[in-house]
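Undergrad: Starting off with a structure, shown below.
The values are calculated or read from the model by the stated rules, or taken from the named source; none is laboratory data. Note that the coordinates shown come from a computational prediction; the quantities given were computed from them, not determined experimentally. With ideal geometry, Cβ positions are generated from the backbone for all residues, glycine too; neighbour counts draw on all protein chains shown. For the accessible areas, the whole protein counts, side chains as well, though only heavy atoms, and no ligand, DNA or RNA atoms are used. Shrake-Rupley method; radii C 1.70, N 1.55, O 1.52, S 1.80 Å.
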Amino acid sequence: MLYEELRKVAPPLASFLQEIAPDLGSTDVDVRKPRGIPRSRRFVGKCYMFSYRNPEGKGTKSLPYYHMFPMVINLEQRPNTMLGLNPFYLPPQLRTDLIENLLSRLDDDIENEDARSRITYKMIAKYRRSMRHAFPCIKQYTHKRMGSVAIEMKPSLWREFYLGDISKKFEIFFRGGSPRTVWSDSRRKSIEQGRDRRKKQ
């Protein structure tokens, strides 16, 4: 039923998701419009998957590559954009550390479909050194390029999708760069963000 409905409004996303998770059902996720994700605090820290096409600046030095099927943690919902954390910009080991950190900070039990991570952008910026691996994953997503729907993924699915066999399908959907290139750049950015800037003052 989930894929039948999705195929009517988001064919590419429906095909991709059915291929990697054929048993996913309507009771496992919530389907929203990108602009319809509430801006209230209780939706910060929730996870959304969507298709992303033709971002501004693609193929340039500022945006040499991008992820076609992001699955991001919402850090802030703005009128026309979402500030999101996409862990697939990290290699598997660093991604594991980040996901476990996010899950350890849930505001409720992992089986509660309304649970969310309490990590925010302000927290990442404040704890720059310990949270340095999060910085390469932070991206600004424009609603009009996010496709027609965003699928809310409850925390009980995060390990399976971010770290399990399913994650290998997500890793190959970078346009403009290979996963190896993306991960190498992310390691470099993590090191830069982790430096103690106070010593330079």
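Undergrad: Restricting to region 35-51, count the residues that are closer than 16 Å to residue 146 by Cα and open to solvent by 10 Å² or more (accessible area, probe 1.4 Å).
TA: Residues flagged as closer than 16 Å to residue 146 by Cα and open to solvent by 10 Å² or more (accessible area, probe 1.4 Å) within region 35-51 amount to 4.
Undergrad: Checking residue 24 against (1) assigned to a helix (DSSP H, G or I); (2) within 16 Å of residue 161 (Cα to Cα), which single condition isn't satisfied?
TA: Failing condition for residue 24: (1).
Undergrad: Also: Picking from 156, 178, 184, which residue would you name as being within 15 Å of residue 48 (Cα to Cα), surrounded by fewer than 17 Cβ atoms within 10 Å (Cβ to Cβ) and polar (S, T, N, Q)?
TA: 156
Undergrad: In region 1-14, what count of residues is obtained for those that are surrounded by 15 or more Cβ atoms within 10 Å (Cβ to Cβ) and within 19 Å of the chain's Cα centre (by Cα)?
TA: Here the count works out to 3.
Undergrad: Tell me, please, whether a residue that is assigned to a helix (DSSP H, G or I) and basic (Lys, Arg) can be found in region 105-121.
TA: no
Undergrad: Tally time: how many residues in region 56-74 are buried (at least 18 other Cβ atoms within 10 Å of the Cβ), in contact (Cβ under 8 Å) with a residue 60 or more places away in the chain and either of a type outside the set (A, V, I, L, M) or out of contact with any Lys or Arg (no Cβ under 9 Å at 6 or more places or on another chain) (or both)?
TA: Total satisfying the criteria: 5.
Undergrad: Go through region 28-55 and count every residue that is assigned to a loop (DSSP other than H, G, I, E, B) and without any contact (Cβ under 8 Å) to a residue 12 or more places away in the chain.
TA: 1
Undergrad: Hey, could you check region 159-170 for residues that are open to solvent by less than 10 Å² (accessible area, probe 1.4 Å) and hydrophobic (A, V, I, L, M, F, W, C) and say which is nearest to residue 89 (Cα to Cα)?
TA: Residue satisfying both the conditions and the ranking: 170.
Residues are listed down the side, and each one gets a yes or a no for (1) in contact with a Pro (Cβ under 6 Å, 6 or more places away or on another chain); (2) in contact (Cβ under 8 Å) with a residue 40 or more places away in the chain; (3) open to solvent by 50 Å² or more (accessible area, probe 1.4 Å):
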{"position": "109", "(1), (2), (3)": "no, no, yes"}
{"position": "127", "(1), (2), (3)": "no, no, yes"}
{"position": "132", "(1), (2), (3)": "no, yes, yes"}
{"position": "135", "(1), (2), (3)": "no, yes, no"}
{"position": "140", "(1), (2), (3)": "no, yes, yes"}
{"position": "143", "(1), (2), (3)": "yes, yes, no"}
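Undergrad: Can residue 173 be described as open to solvent by 50 Å² or more (accessible area, probe 1.4 Å), within 17 Å of the chain's Cα centre (by Cα), of a type outside the set (Asp, Glu) and under 17 Å from residue 84 (Cβ atoms)?
TA: yes
Undergrad: Does residue 17 fit the bill of being within 16 Å of the chain's Cα centre (by Cα), within 14 Å of residue 153 (Cα to Cα) and either crowded, with 16+ Cβ neighbours inside 10 Å or touching a residue at least 40 places away in the same chain (Cβ under 8 Å) (or both)? Spell out the reasoning first.
TA: Numbers: within 16 Å of the chain's Cα centre (by Cα): yes; within 14 Å of residue 153 (Cα to Cα): yes; either crowded, with 16+ Cβ neighbours inside 10 Å or touching a residue at least 40 places away in the same chain (Cβ under 8 Å) (or both): yes.
Yes.
Undergrad: What's the number of the condition residue 159 fails, among (1) closer than 27 Å to residue 10 by Cα; (2) in a loop (DSSP other than H, G, I, E, B)?
TA: Tallying (1) closer than 27 Å to residue 10 by Cα; (2) in a loop (DSSP other than H, G, I, E, B), residue 159 fails exactly one: (2).
Undergrad: Look through 101, 86, 80 and report the one residue that is polar (S, T, N, Q) and open to solvent by 50 Å² or more (accessible area, probe 1.4 Å). Give the steps one after another, and end with the answer.
TA: Details: 101 fails: open to solvent by 50 Å² or more (accessible area, probe 1.4 Å); 86 fails: open to solvent by 50 Å² or more (accessible area, probe 1.4 Å).
The conditions single out 80.
Undergrad: While we're on this one: Only one residue in 75, 102, 83 is part of a helix (DSSP H, G or I) and among the hydrophobic types (A, V, I, L, M, F, W, C). Which one?
TA: Working: 75 fails: part of a helix (DSSP H, G or I); 83 fails: part of a helix (DSSP H, G or I).
Among 75, 102, 83, only 102 is part of a helix (DSSP H, G or I) and among the hydrophobic types (A, V, I, L, M, F, W, C).
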